Amino acid sequence: MAPQESTAAAAPDLVIPLHYYDNNTMFTSITMHAIFVYDQVLDPEKLRSSLSQLVGHETWQKLGARVKKGSKGYELHVPRTFTSARPAIAYKHVSLDMAKADHPAASRIPSSSSAPKDRPALMGNPEDWTELCCGADAPKTISDYVGSDRPLTGLRVVSLKDATIVNLHWLHAAADGMALKAILDNWQLCLQGREAEVPLLHGFEEDPLRELGLHPKEKFDLEGSELSKWGTASYALRNGYNIAIGAKETRTVCIPGSFLKKLRETALEDLRKAGETDTFVTDNDLITAWFSRLAFSHLPSSKPCTIMQAMSIRRALEKDLLPAGRPYVSNCLSYTSVLKTKKEVDQSLGLLAKDIRRGINKHGSREQIEAYWSMGRKNEWPLGPMPIFFGQSNMHHIGYSNWEKVRANFTDLSAACTTGKEGPLYPSFVTQIQGGIAYPDGFIVTGVDPAGNTWLEGYRPGGLWAHVEKLLKADN
């Protein structure tokens, strides 16, 4: 489906209803920006044409759909043929006649080489480089797409004399983090002239998750701890200002590999002292436990705390809803929560990490996913199938999404390098920027870079980052 000018361009669009789990207020209120900074000059036309080629590929066309409001809700209108008038992707190229170090915003972007060697640190405020990377006119919510004929997927390339900033952006309703992995992997294939290796997507014209949550065989593990309608109303009253209009601050955190190794040693010792025979915890468990202790550090000891994590459920659904080996580019998530008090969070890094691991293992089973979304379906009105909040109405709630399996830090765009490049070309920095509604206390682990550093982006209510920074500098 390469762009072409012909009578086929006048054919009616293919109309697809927005999939059930894509169509909630959270996903339609957020545009995702995956930002890659390369310390090489890349050919913007090669980047544009290869991404357009991918979106024009059979079954991938949905990424070039236009959003319209139909009689039964949002619809995706997929052009039968992409043309110069109706391209596969939105595209913007900005050329700046200066080096990265000389640009007031670009010079403030961190990198693997500027990362600390032995202790975590705040590495900057993404708000300083958001306009450069995203543009002042960047789409934010679904209202910026409806009726505009804007494709769901966009590319912004900022060229400097010695660097290139690549921004791949999309409405969250089109894709989650693991869908991004499929997009990046296959974009690289197209860039390298290997389009024949691009697989067909599953769930192009039909919704494979349309019955997820309709056939529960057991109760969800935390059923009974969810916020009631009155509890939700109370939570909303307490936190509505922070969620909707309150000042938020964003920071980038770098966690060196050497520090993560020390965290693991501490956690394993905690587990041995507690008599735990199964001491398996992942790096994600350790980072979530460690950073949650920082995020809750300003609270009184009796404060109820909930740690919620998003989980891709593609693998769990392979036996029935999603065939193995076929990428599913859409939203395919469930959630796990750990309920604690601030005092319990502080007691042991290892035990907290282990509780996080138990929650992921338990809530990620096929049966628990079905049970969770059975609850979600019962509470879908009026916002759609939204995540369920567990805990108490006066809790402090934080959420995480981990993109490590996306391997965005290893996105190789060497085929677009203007000077030729032997071997792969990986970004010196990867970040994620949300347009639209920013969750008031949410964190995205963007992954591990080639030097072994883990990077985290956090959105917090105004004033809370200062407390975290103070503790990091005190090596607490």
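The values are calculated or read from the model by the stated rules, or taken from the named source; none is laboratory data. Quick caveat: nothing in here was measured; it's all calculated off a predicted structure. No Cβ is skipped: glycine too gets one built from the backbone with ideal geometry, and neighbour counts run over all protein chains shown.
Scanning region 331-377 for residues that are over 23 Å from E276 (Cα atoms) and hydroxyl-bearing (S, T, Y) gives S334, Y335, Y372, S374.
Of everything listed in (1) modelled with pLDDT of 95 or more; (2) over 24 Å from the mean Cα position of the chain (by Cα); (3) under 25 Å from D449 (Cα atoms), the single unmet condition for R86 is (3).
Please find, among L471, L383, L425, the residue that is in contact with a helix residue (DSSP H, G or I) (Cβ under 7 Å, 6 or more places away or on another chain), part of a helix (DSSP H, G or I) and either under 23 Å from Q192 (Cβ atoms) or among the hydrophobic types (A, V, I, L, M, F, W, C) (or both).
After applying the criteria, what remains is L471.
Name every residue in region 402-421 that is in a helix (DSSP H, G or I) and of a type in the set (S, T, Y), in order of residue number. Within region 402-421, just S414 meets the criteria. Checking region 130-146 against the condition returns a match, with at least one residue being without any contact (Cβ under 8 Å) to a residue 60 or more places away in the chain and buried (at least 21 other Cβ atoms within 10 Å of the Cβ). Residues to consider are S414, S393; find the one that is more than 21 Å from G193 (Cα to Cα) and among the hydroxyl-bearing types (S, T, Y). Every option except S393 fails the conditions. Across region 293-316, the qualifying residues are those that are assigned to a loop (DSSP other than H, G, I, E, B) and touching a Cys at 6+ places or on another chain (Cβ under 9 Å), and the one among them that is nearest to V338 (Cα to Cα) is F296. Quick check: anything in region 150-164 farther than 29 Å from N24 by Cα, buried (at least 18 other Cβ atoms within 10 Å of the Cβ), hydroxyl-bearing (S, T, Y) and at pLDDT below 95? Checked against the condition, which is being farther than 29 Å from N24 by Cα, buried (at least 18 other Cβ atoms within 10 Å of the Cβ), hydroxyl-bearing (S, T, Y) and at pLDDT below 95, region 150-164 yields no hits at all. Filtering region 253-292 to residues that are charged (D, E, K, R), touching a Lys or Arg at 6+ places or on another chain (Cβ under 9 Å) and not in a loop (DSSP other than H, G, I, E, B) leaves D270, D283, D285.
Out of all the residues in region 142-180, which are β-branched (V, I, T), closer than 22 Å to E75 by Cα and in contact with a helix residue (DSSP H, G or I) (Cβ under 7 Å, 6 or more places away or on another chain)?
Hits for region 142-180 are I142, T153.
When residues in region 324-363 are screened for being outside any helix (DSSP H, G or I) and more than 20 Å from the chain's Cα centre (by Cα), 8 of them pass. State which residue is surrounded by the most Cβ atoms within 10 Å (Cβ to Cβ) when the search covers only region 417-445 and only residues that are charged (D, E, K, R) and over 23 Å from the mean Cα position of the chain (by Cα). Among those that are charged (D, E, K, R) and over 23 Å from the mean Cα position of the chain (by Cα), it is K421. Selection of region 177-205 for residues being modelled with pLDDT of 95 or more and of a type in the set (D, E) yields D185, E195, E197.
Scanning region 108-129 for residues that are in a helix (DSSP H, G or I), over 21 Å from the mean Cα position of the chain (by Cα) and surrounded by 14 or more Cβ atoms within 10 Å (Cβ to Cβ) returns a single hit, R108. Among residues of region 179-195 that are within 18 Å of L152 (Cβ to Cβ), those with a beta-carbon under 6 Å from a residue that is part of a helix (DSSP H, G or I) at least six positions away or on a different chain give the pairs L180/V406; K181/V406; N186/L54; W187/L51; W187/L54; C190/S50; C190/Q53; C190/L54.
Table: residues versus (1) surrounded by fewer than 22 Cβ atoms within 10 Å (Cβ to Cβ); (2) in contact with a strand residue (DSSP E or B) (Cβ under 7 Å, 6 or more places away or on another chain); (3) of a type in the set (F, W, Y).
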| site | (1), (2), (3) |
| --- | --- |
| P327 | no, no, no |
| N331 | no, no, no |
| S334 | no, yes, no |
| V338 | no, yes, no |
| D346 | yes, no, no |
| G350 | no, no, no |
| G359 | no, yes, no |
| G364 | yes, yes, no |
| S374 | yes, no, no |
